[in-house]
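Report on the structure given below.
The values are calculated or read from the model by the stated rules, or taken from the named source; none is laboratory data. All figures in this text were calculated on a predicted structure; none of them were measured in a lab. When we count neighbours, we look across all protein chains shown, and the Cβ atoms used for this are built from the backbone with ideal geometry, even at glycine. The protein model used for the area step is the full one, side chains on, heavy atoms only, and it has no ligands, DNA or RNA in it. Shrake-Rupley method; radii C 1.70, N 1.55, O 1.52, S 1.80 Å.
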Amino acid sequence: MSNAIDSAAYSAQFPDHGNSAADHDKNLGTAFVVSAYYRVHPEDRQAFIDAVIPEMTAARKMPGCVYYAFAQDLTDANLFHLVEGWADEASYEGHEAAETFLAALSTVVKHVRILDRQGVRYEVARQIIDDPRDKVA
């Protein structure tokens with residue numbers, strides 16, 4: 001995968017990186033990316049959060065997981081964005097078959113009213129570090 005700039009030099013700009021369990025290195029090669037969102041019924045929001053936190057934590061520790069994050073939308077408390085990055089197809093498939101993933105999926109399907117959902121899996125052909133800060137420097 002091609003990087004437009006040196007990834008080590010880029011990462012060195014941010015000395016706080018690695019201080020949180022949620023930190024991840026998007027400079028690593030990522031072959032598969034999943035991008036999805038879920039809009040949940042307001043009464044089911046906490047059940048959704050409770051189901052996905054253990055899965056998110058477990059997925060981050062799986063072999064081949066480059067990053068895995070759920071984030072609540074800043075303008076809609078009932079909308080959650082998911083982004084996953086996997087090193088290869090086997091890692092992605094391993095996650096889909098993992099007990100933690102299947103448990104979270106079962107809980108969400110049975111106990112959370114999903115009002116809207118869209119998800120796409122991308123196969124990454126080229127990866128470039130994106131840093132637009134120089135446009136305003």
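Right, D116: in contact (Cβ under 8 Å) with a residue 24 or more places away in the chain, of a type in the set (D, E) and touching a strand residue (DSSP E or B) at 6+ places or on another chain (Cβ under 6 Å) or not? In short, yes. Selection of segment 97-118 for residues being within 17 Å of Y37 (Cα to Cα) and either touching a Ser or Thr at 6+ places or on another chain (Cβ under 7 Å) or basic (K, R) (or both) yields R113, R117. When A21 is tested against the conditions (1) at pLDDT below 65; (2) open to solvent by less than 60 Å² (accessible area, probe 1.4 Å), the lone failure is (2).
The C-beta contact set for segment 37-54 (first residue among the aromatic types (F, W, Y), second residue buried (at least 16 other Cβ atoms within 10 Å of the Cβ) and in a loop (DSSP other than H, G, I, E, B), distance under 6 angstrom, 6+ apart or interchain) comprises F48/V112.
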